[in-house]
Amino acid sequence: MTTPFKNDYAFGLVVRTANGHKVIEHAGGIEGFNTDLVYYPEDKLTIVVLANLNGQAPDEIASKLAAVVHNESVMLPSEKKEIAVPRAILAKYVGTYALMPNFDIVMTLEGDRLMTQATGQPKFPLFAESETKFFLKVVDAEVEFFKNEKGNVTHIMLHQGGQDMKGTRK
């Protein structure tokens, strides 16, 4: 039941490694309710989050609780500080980044603000933490841009819920 047969998916469970720890997880929801059950077998740690709301809150809360138990630093989105990045630098990030088949993240520039939109989701503003690292305020997620030796943007790394997902520029 806990042996993945497609990517990280086992029989009704996600089995993965997060920050060097084996994780067995199942999340779910229905209108108005969401849950997340996360088990760290090697640490003998189980985290259960129940929420009477829609969205990613249970996953994000479980991720932060695990980080605290594992003595990792936890920075809340409200603690992050935004800096100004010149429009010319932001323009280099505009494009489409493929995270997985049929799921892209599109970066656009509206005025002096970099915007992000994932397939099937609304568009949200990104806030610069550095010239290459950005964060969202609507969810606890970060986007980091990577360049090759010529200075061309090649890919992004989406950091969310204890996972790192690479998006290759199309």
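The values are calculated or read from the model by the stated rules, or taken from the named source; none is laboratory data. All values derive from a computational prediction rather than experimental measurement. Glycine gets a Cβ as well: all are built from the backbone with ideal geometry, and neighbour counts include every protein chain shown. Protein only, heavy atoms only, side chains kept; ligands, DNA and RNA dropped before computing areas. Shrake-Rupley method; radii C 1.70, N 1.55, O 1.52, S 1.80 Å.
Going by the conditions given, is Ile24 touching a Ser or Thr at 6+ places or on another chain (Cβ under 6 Å) and more than 21 Å from Lys137 (Cα to Cα)? When the stated conditions are applied, Ile24 passes them. For segment 40-61, what are the residues that are farther than 17 Å from Gly20 by Cβ, surrounded by 13 or more Cβ atoms within 10 Å (Cβ to Cβ) and either touching a residue at least 24 places away in the same chain (Cβ under 8 Å) or touching a Gly at 6+ places or on another chain (Cβ under 6 Å) (or both)? If the condition is that a residue be farther than 17 Å from Gly20 by Cβ, surrounded by 13 or more Cβ atoms within 10 Å (Cβ to Cβ) and either touching a residue at least 24 places away in the same chain (Cβ under 8 Å) or touching a Gly at 6+ places or on another chain (Cβ under 6 Å) (or both), then Gln56, Pro58, Asp59, Glu60, Ile61 are the ones that fit. Taking first residues from segment 98-124 that are within 19 Å of Val153 (Cα to Cα) and partners that are among the small types (Gly, Ala, Ser) and loosely packed, with under 13 Cβ neighbours inside 10 Å, the Cβ contacts under 7 Å between residues at least 6 apart in sequence or on separate chains come to Leu109/Ala91. Residue count for segment 152-165, restricted to those that are within 18 Å of Leu99 (Cα to Cα) and in a loop (DSSP other than H, G, I, E, B): 2.
Do the conditions hold for Glu149, that is, is it part of a loop (DSSP other than H, G, I, E, B), of a type outside the set (Val, Ile, Thr) and either open to solvent by less than 60 Å² (accessible area, probe 1.4 Å) or in contact (Cβ under 8 Å) with a residue 24 or more places away in the chain (or both)?
Here the answer is no, as Glu149 does not meet what is asked.
Whenever a residue of segment 9-29 is at positive phi, its partners that are among the acidic types (Asp, Glu), lying with C-beta atoms within less than 7 angstrom and at least six residues away or across chains, give the pairs Asn19/Glu72.
Looking at Pro4, is it open to solvent by less than 60 Å² (accessible area, probe 1.4 Å) and in a loop (DSSP other than H, G, I, E, B)? Before you say what the answer is, go through the steps one by one.
Values: open to solvent by less than 60 Å² (accessible area, probe 1.4 Å): yes; in a loop (DSSP other than H, G, I, E, B): yes.
Yes, satisfied.
Against the conditions (1) among the aromatic types (Phe, Trp, Tyr); (2) open to solvent by 50 Å² or more (accessible area, probe 1.4 Å); (3) assigned to a strand (DSSP E or B), where does Phe11 fall short? Just the number, please. Among (1) among the aromatic types (Phe, Trp, Tyr); (2) open to solvent by 50 Å² or more (accessible area, probe 1.4 Å); (3) assigned to a strand (DSSP E or B), the lone unmet condition for Phe11 is (3).
Which residue is modelled with the lowest pLDDT, if the candidates are limited to segment 62-81 and must be among the polar types (S, T, N, Q) and surrounded by fewer than 16 Cβ atoms within 10 Å (Cβ to Cβ)? Among those residues, the one meeting the criterion is Ser78.
State whether the residues of segment 98-117 include one that is small (Gly, Ala, Ser), open to solvent by 60 Å² or more (accessible area, probe 1.4 Å) and out of contact with any helix residue (DSSP H, G or I) (no Cβ under 9 Å at 6 or more places or on another chain). I'd like the intermediate steps shown before the answer.
The initial filter retains those residues of segment 98-117 that are small (Gly, Ala, Ser), namely 98, 111.
Okay, now just the ones that are also open to solvent by 60 Å² or more (accessible area, probe 1.4 Å), so none.
Within segment 98-117 (the criterion being small (Gly, Ala, Ser), open to solvent by 60 Å² or more (accessible area, probe 1.4 Å) and out of contact with any helix residue (DSSP H, G or I) (no Cβ under 9 Å at 6 or more places or on another chain)), the answer is no, since none of the residues qualifies.
Selection within segment 118-146: residues that are charged (D, E, K, R) and open to solvent by less than 50 Å² (accessible area, probe 1.4 Å). The member of this set that is farthest from the chain's Cα centre (by Cα) is Glu144.
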